[in-house]
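Heads up: the structure comes next, in structure tokens.
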Protein chains: 2
Amino acid sequence: MPRKNAFYAQSGGVTAVINASACGVIETARKNRSSIGRVYAGRNGIIGALREDLIDTSKESTSAIRGLASTPAGAFGSCRFKLKGLEENRAEYERLIEVFQAHNIGYFFYNGGGDSADTCLKVSQLSESMGYPLQAIHIPKTIDNDLPLTDCCPGFGSVAKYVAISTREAAMDVASMCETSTKVFILEVMGRHAGWIAAAAGLAAEEEGDAPHIILFPEIAFNRTRFLARVEQTVKRQGYCVIVASEGTQYEDGTFLTESGLKDAFGHSQLGGLAPNLAQMVKDELGYKYHWAVADYLQRSARHIASLTDVKQAYDLGEAAVEMALQGKNAIMPCIVRGTGKRYRWTIGEAPLKEVANREKKMPRGYITRDGFGITDDARKYLAPLITGESYPEYRNGLPRYVKLKNVAVPRKLDTDFEV
Amino acid sequence: MPRKNAFYAQSGGVTAVINASACGVIETARKNRSSIGRVYAGRNGIIGALREDLIDTSKESTSAIRGLASTPAGAFGSCRFKLKGLEENRAEYERLIEVFQAHNIGYFFYNGGGDSADTCLKVSQLSESMGYPLQAIHIPKTIDNDLPLTDCCPGFGSVAKYVAISTREAAMDVASMCETSTKVFILEVMGRHAGWIAAAAGLAAEEEGDAPHIILFPEIAFNRTRFLARVEQTVKRQGYCVIVASEGTQYEDGTFLTESGLKDAFGHSQLGGLAPNLAQMVKDELGYKYHWAVADYLQRSARHIASLTDVKQAYDLGEAAVEMALQGKNAIMPCIVRGTGKRYRWTIGEAPLKEVANREKKMPRGYITRDGFGITDDARKYLAPLITGESYPEYRNGLPRYVKLKNVAVPRKLDTDFEV
């Protein structure tokens, strides 16, 4: 059997450690040259496969590939592009197989969240029904931590660490100034559907009274009166109040707090943002001086303070994906399995893609305190190990040395274009 | 002559390294016990002196004081409280002297920006005119980098490093997703009067085309048409556009872009914020998908990624302040003097407070490119050394171990209260 090449693509929102998974895939494939030919990466994710725009990773040096382990974002480009169902758009899937066939690709490694797990499964099913031999392995990635069957998702631990540290640091700033200045500080974090990221801010608090004093989760309906009462009570008790709010915070009727309801002179809706809206509410009702921050992309790209645990898991899942492929496995996802002992230990297991696709892991209600404003000890036990360890990148002239790949294109073999 | 005690206070907005200056003051005083008795700190800054609310730093362990060198924010509390002129409110100054006298304080170390330099000078003048022997030394601190006579200000190097790193990281995120997602990213940074902090983001760019593509400075009048044209041109050329905007960005007529001009249903002004306003402008006129971040306090409290150069300078200035006091000096500020060679070297000099107080150091026009959207090589040469070196705090359980002092109060000696 002639050696097959591998295809690797990054999907959806990038993270501080998705390139560490890429590094695991490529380094492990390079160790197994007798079985795997070249690793081709999709330029801008799966779109690269549809367009037959492949990147030849064999053109990159050993040190450049090593550098991926400490480089944030998507080194080959990622995309927000969801393949439709097989029934609706079979052409897309057939095009993938056509491109894979043209480039002798026998391994499909897809690095993403729930949608890409679903795509990976469909590609596997279609290749089987078309009689094209392809092993499709999904590598989990998402800052949202919402994939099922894996104890956690690479990308989450690092954003969790960033948010916990930033909350602690900003809270110290507020605490030291609150006598004469800002009394309320609001940090808006990501998490439209689940409060995992906001929950991680809770790790910053170690003693009674420590910030954050209020966490707002998408899972808990926002109640303006209760919120304001808690802010006031906290300022009276602690002298200041630090709030960490998930961008998905919403009223009971499902209206997001990001929607300000304001219009500008041209009748355009004002985009507002959750943090400024909460700040306005606090100002109007309680009159406290406030400040707010919106971390946005800073939180998911902050490789400079990535969790060592997260980096290791991201790498090892990439490595495991290749090893599983070499063992002949298909339509699976390597996943993190947490040990049962008191000390945190993890191993890599495997989950069938059928059980991964289209299932979201919600945060258990038992992770949120009864009053809805904080995290419980169970949440703390789950979250704490994920942020442990620091994995610092190298620096040059005071700035992290992140790698920039050459991303050399693989010569095209097909003469057909494909519009995406 | 009996040993005199020292008084130390933190003033104005805190930074990632102001406690490193406190550490320098206290450790150096402890090494000179034969000359300096105890170091008392003002609780919440100068207010602590007015209220006779002093903290006895001798109650803190050697390791707690050492820990200050890697702890952000103000360990004793700071305040935004500007003493009025001597003519308007002589009572405040007399109260300070009264408290100093009651606690046998002969050294006054005031750690802050331009206003506190002015206060420090006035206290020195009044004590002299009242015949009370007091050596007043000002220790520079401000993220704004706007103090004269010192090459740079402690606090600035670390915020500069944070902003440069965050810009680089977030830009990599945007670059890897721009094919199908966000095309314009806006990071709002501090700097109401001067663009030093925004300028530092420019260090993230090393090659032609690197982000940030547009920097908005308070020094350059904002022109909507030129701005939008540059955004469009950049997206067409690079595929995406990263903008770093100083919060002080303003139109030619002095209107800040933070003022959205919108009102809510109750007629309250909408607070808006610069970044969301710019985003709205981009969306309305160019239709690009955007994201924005507001770093706010995160940038000035980010001790986890402080500049080693900044930390050293902050410490050494604290140390120098005590040494200068021991040499009998008064009404001065130790400052950073840059060497002339090609390699960055710095020493500590001294500046008379008379020449420091009430003078702001603006960013030279020659540091901003002619088009007003970037920094020049001269700016780069000035800024680059200030962010070099990493000074990581210790970690425990994945979070920085920042010290929390006991802050034991000094028993009061006066029976008069003073309202502030």
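Just so it is clear, none of the values below were taken in a lab; they were calculated from the coordinates. Owing to the predicted nature of the structure, the values given are computational and were not obtained by experimental measurement. Neighbour counts run over all protein chains shown; Cβ positions are idealised from the backbone, glycine included.
For segment A:346-420, GluC sites (Glu not before Pro) are listed when DSSP marks them as loop and at most 13 other Cβ atoms sit within 10 Å of their Cβ; the list is A:360, A:394, A:419. Scanning chain A for trypsin sites (Lys or Arg not before Pro) that sit in a DSSP loop and have at most 10 other Cβ atoms within 10 Å, the longest stretch containing none of them is A:1-341. Across the alpha-carbon set of the protein assembly as shown, the Rg to Rh ratio works out to 1.00, Rh being the Kirkwood radius.
Taken about its Cα centre, segment A:52-143 carries a charge dipole of about 340 debye when Lys and Arg each add +1 at the Cβ and Asp and Glu each add -1 at the Cβ. A dipole drawn for chain B from +1 and -1 charges on Cβ atoms has a positive end, and of B:250, B:72, B:221 the residue lying farthest that way is B:72.
A Cβ-based charge dipole, computed about the Cα centre of segment A:156-301 with Lys and Arg at +1 and Asp and Glu at -1, lands at about 100 debye. Of the Cα atoms belonging to segment B:97-182, the radius of gyration and Dmax stand at 21.7, 73 Å.
Computed over the alpha carbons of segment A:156-301, Rg followed by Dmax gives 14.7, 49 Å.
With both partners inside the protein assembly as shown, how many of the DSSP beta bridges are antiparallel, as a percent to the nearest 5?
Values: 35 of 99 bridges.
About 35 percent, rounded to the nearest 5.
Among A:81, B:185, the order by Cβ neighbours within 10 angstrom, fewest to most, reads A:81, B:185. Where Lys and Arg each count +1 and Asp and Glu each count -1, what net charge lies around residue B:340 among other residues with Cβ under 14 Å from its Cβ? Combined, the nearby Lys, Arg, Asp and Glu give +4.
Taking B:135, B:299, B:125 in turn, the Gaussian network model of chain B (Cα-Cα springs below 10 Å) assigns the largest fluctuation to B:125. Electrostatic bookkeeping for residue A:193 treats Lys and Arg as +1 and Asp and Glu as -1; over the other residues with beta carbon under 12 Å from its beta carbon, the sum is -2.
Per the Cα gyration tensor, chain A maps to an equivalent ellipsoid with semi-axes of 42, 22, 20 Å, ordered largest to smallest. Label point of residue B:352 (7 Å along Cα→beta-carbon): distances to the other copies' equivalent points are 8.6 nm, sorted ascending. Summary for residue A:208: label point 7 Å along Cα→Cβ; distances to the equivalent points in the other copies, ascending, 6.5 nm. Under a Gaussian network description of chain B, with springs only between Cα atoms under 10 Å, the residue in B:173, B:151, B:118 that fluctuates furthest is B:173. From least to most packed, judged by other beta carbons within 10 angstrom and beginning with the fewest, B:153, B:120 follow the order B:153, B:120.
Under 12 Å from the Cβ of residue A:37, count the other residues' Cβ atoms, weight Lys and Arg +1, Asp and Glu -1, and hand me the total.
Numbers: positive: A:3, A:4, A:30, A:33, A:38; negative: A:56.
It works out to a net charge of +4.
In terms of surrounding Cβ atoms within a 10 Å radius of their Cβ, A:258, B:234, B:255 rank from fewest to most as B:255, A:258, B:234. Each copy carries a label point for residue B:284 at 7 Å from Cα along the beta-carbon vector; from one copy to the others these points are 2.1 nm apart, nearest first.
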